[in-house]
Amino acid sequence: MAVNSLYKKSIVSAKDLSLEEWRLIVSTAQRFKAGKPTLSLKDKVIAHCFFESSTRTRLSFEAATLRLGGKVIGFTNSDDLSTQKGETLYDTMRVIAGYSDLIVIRHPLEGAAALSKEAASCPVINAGDGANQHPTQALLDLFAIQECQKDINGLSIALVGDLKYGRTIHSFTELCSLFDVRLYLVSPETLALPESVCDIMKKRGIRFSFHQSLEDVIPKVDVLYMTRIQQERFSRSEYQLVRDQFILTPGVLLKAKPHLKILHPLPRVNEISKEVDETPYAYYFEQAANAVPVRQALLSLILNENLGI
Amino acid sequence: MSETLPVSAIKNGTVIDHIAPGQALRIIHLLGLQNSTNKVTIGLHLPSKSMGSKDLIKIESRILSDAEANEIVVFSPAATINVIRDFEVQEKVRTRLPSSMKRVFLCPNSACITHSESVASYFYIAEDRKQIKLTCHYCEKSFDRDQVRVSI
């Protein structure tokens, strides 16, 4: 019988995942997507601890849990919690672990998921910790690439926008080390990928280069991964300047490869114009729809030792 | 002028020599020597042929554990540690960079959870292009050794 190394495993960082585990998640998610579920979450209680607001991540985890027959407890902001009375996150997580089979946590502070893993007696999934990691988003992003391009190996991928503070990007680049990919990093100089993340990529043999022009990179890539540039990182005039440099319109895509696909973790503000939605390149809504089967796969593999196939 | 250093010899104990200038006081705190009853001699910014300037610590009646000796390397990779018996060097301690250290450093990332919870800091340690790099176990950020303050 195939070994499920994800059973009872916490997913705090993208580096927690091996290539074998990635393959297992993909094959399981594909079965869920095809309507052939073999695993369930019957009698399981999943605690959704969202100390910070979330729409897509929270609802897709909730949908994944409910579709597999599991139950959800939790909260969507920390205003009414004992943490407001001074209780530590460590104690809170230790207590919630006693009520549940698995904890999904989003928290504004970096390292909150790693600390929760130490506190909890049940597995913990990081649904975003500050600007650090968002490993399940990276999983569904790469799953979307696998679905639309059939093979991740050999692809050229451009990462565009806020590469400094984007937690999804940090997890995505780490997960890329499982594959043979070439990355084009397109951002304003002030929002370039942190040196520490670049060092990790160098050590793992990922080829990458820095760029400041979207037009130069588009003809070379198979996947264009857009992210939002956050206004609060800039003064008003600087924001106007950098924002306009990275707006994707059908005109910018004239020299794109025919099979190019555009991804975005959403929400978008104005970095992808609405007209792009009608082009064959747009794949961000399909990408978002993959959130449920990928999270179904992850939850069910962590909570079922037997793969049921 | 005499070249002899104005530092007294010790009968039994440990001499930590060739410490990078400015690091001796950190090593004193790392080893908890400020609170111990051992006699300690500290030399700061002493002349050194190989280093130009160095710090030095002599600890009477204390032999360091391997873990303690290894932690000193994080502060001063070139430091030499000798065990003294009857005023003679009995053993040159071989050190290696520890793979991790708990409690010693403060994470420079203000958004790191270690600043808001009572949790011991935990850093992974590695050498990269002759620079000692520290990576926070919690927030996963990496820093040069000199960027990271010590909590001791």
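The values are calculated or read from the model by the stated rules, or taken from the named source; none is laboratory data. What you see is a predicted model, and the numbers here were worked out from it, not measured in a lab. When we count neighbours, we look across all protein chains shown, and the Cβ atoms used for this are built from the backbone with ideal geometry, even at glycine. These accessible areas exclude ligands, DNA and RNA; they are computed on the full protein's heavy atoms, side chains included. Shrake-Rupley method; radii C 1.70, N 1.55, O 1.52, S 1.80 Å.
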Query raised in the report: Between B and A, buried accessible area summed over both sides at probe 1.4 Å, in Å² to the nearest 100?
Result: 1400
Requested in this report: Could you size up the charge dipole of the range A:135-289 around its Cα centre, putting +1 on the beta carbon of Lys and Arg and -1 on that of Asp and Glu, and report it in debye to the nearest 20?
Outcome: 240
Report task. Return the loop-located GluC sites (Glu not before Pro) in the range A:210-299 (DSSP other than H, G, I, E, B) with at most 11 other Cβ atoms within 10 Å of their own Cβ; answer none if there are none. Result -> none
Query raised in the report: From the residues A:ALA119, A:THR92, A:PHE61, which one has its Cα farthest along the dipole of the range A:14-131 in the positive direction, the dipole being from +1 and -1 charges on Cβ of Lys/Arg and Asp/Glu about the Cα centre?
Result: A:PHE61
Query raised in the report: If you put +1 on each Lys and Arg Cβ and -1 on each Asp and Glu Cβ, how big is the dipole of the protein assembly as shown around its Cα centre, in Debye rounded to 20?
Result: 560
Query raised in the report: Given a Förster radius of 35 Å and the C-beta distance between A:ASP199 and A:ARG236 as r, what FRET efficiency does 1/(1 + (r/R0)^6) yield to the nearest 0.05?
Result: 0.55
Report summary line: Spelling it out for B:ILE84: with amide H atoms placed in the peptide plane at 1.01 Å from N, the residues 5 or more places away or on another chain with amide H under 5 Å from its amide H are B:GLY13, B:THR14, B:VAL15, B:GLN90
Report task. Report A:ASP79's accessible area, 1.4 Å probe, all protein chains in place, as a number in Å² to the nearest 10. Result -> 110
Query raised in the report: Given a 1.4 Å probe and the protein chains all in place, what does the accessible area of B:MET101 round to, in Å² to the nearest 10?
Result: 0
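Mind checking B:104-115 for the average number of partner chain beta-carbons within 10 Å of each residue's beta-carbon?
4
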Query raised in the report: Taking the Cα centre of the range A:100-206 as the origin, how large is its charge dipole in debye, to the nearest 20, when only Lys and Arg (+1) and Asp and Glu (-1) carry charge on their Cβ atoms?
Result: 120
Query raised in the report: Quick one, what does Rg over Rh come out to for the range A:135-289 if you take C-alpha atoms and the Kirkwood Rh?
Result: 0.93
Query raised in the report: In degrees from 0 to 90, rounded to the nearest 10, what is the angle of the helix B:66-75 Cα long axis to the longest principal axis of chain B?
Result: 80
Query - Rounded D (µm²/s) - the range B:52-152, Kirkwood Rh over Cα pairs, Stokes-Einstein at 20 °C, 1.002 mPa s - result: 141
Report task. Mind giving me the nanometre distance, one decimal, between the label points for B:LYS92 and B:SER65, set 7 Å out from Cα along Cα→Cβ? Result -> 2.6
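Share of antiparallel DSSP beta bridges in the protein assembly as shown, in percent to the nearest 5?
50
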Report summary line: Sequence order, the range A:60-65: Karplus ³J(HN,Hα) from phi using 6.51 cos²θ - 1.76 cosθ + 1.60, θ = phi - 60°, Hz rounded, Gly and Pro as x, gives 6, 5, 5, 4, 4, 5
Report summary line: Once phi for every residue in the range A:40-47 is put through the Karplus expression 6.51 cos²θ - 1.76 cosθ + 1.60 (θ = phi - 60°), the whole-Hz ³J(HN,Hα) values, with Gly and Pro written as x, are 9, 10, 4, 6, 9, 10, 9, 8
Query raised in the report: Direction-averaged shadow area of the convex hull around the Cα atoms of the protein assembly as shown, nm²?
Result: 28.3
Requested in this report: Output the Kirkwood hydrodynamic radius of the range A:1-138, Cα pairs only, in Å rounded to one decimal.
Outcome: 15.5
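Classify the range A:176-220: rounded, prolate or oblate, from the alpha-carbon gyration tensor (a ≥ b ≥ c, eigenvalue square roots; a/c under 1.5 rounded; otherwise prolate if a/b is larger than b/c)?
oblate
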Query raised in the report: Say the dipole of the protein assembly as shown comes from +1 at the beta carbon of Lys and Arg and -1 at that of Asp and Glu; which of A:GLY161, B:GLY13, B:SER76 then lies farthest toward its positive end?
Result: B:GLY13
Query raised in the report: What accessible surface, in Å², does a 1.4 Å probe find on A:LYS71, ignoring ligands, DNA and RNA and rounding to the nearest 10?
Result: 130
Report summary line: Filtering GluC sites (Glu not before Pro) in the range A:9-94 by DSSP loop and by at most 16 other Cβ atoms within 10 Å leaves A:GLU87
Report summary line: Applied in sequence order to the range B:115-121, the curve 6.51 cos²θ - 1.76 cosθ + 1.60 (Karplus, θ = phi - 60°) yields integer Hz couplings, x standing for Gly and Pro, of 7, 10, 10, 7, 10, 5, 5
Query raised in the report: the range A:96-219: Rg/Rh from Cα coordinates, Kirkwood Rh?
Result: 1.03
Requested in this report: Search the structure for amide H atoms under 5 Å from the amide H of A:VAL72, placed 1.01 Å from N in the peptide plane, and list their residues when 5 or more places away or on another chain.
Outcome: A:ILE46
**Report entry** Residue list for the range B:74-111, given a label point 7 angstrom along the Cα-to-Cβ vector of B:MET51 and an amide N cut-off under 18 Å
**Finding:** B:74-84, B:92-98
Report summary line: Judged on accessible area alone, 1.4 Å probe, highest first, B:HIS18, A:HIS134 line up as B:HIS18, A:HIS134
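Could I get the Rg over Rh figure for the range B:31-77? Both from C-alpha atoms, Rh via Kirkwood, rounded to two places.
Rg/Rh for the range B:31-77 comes to 1.00.
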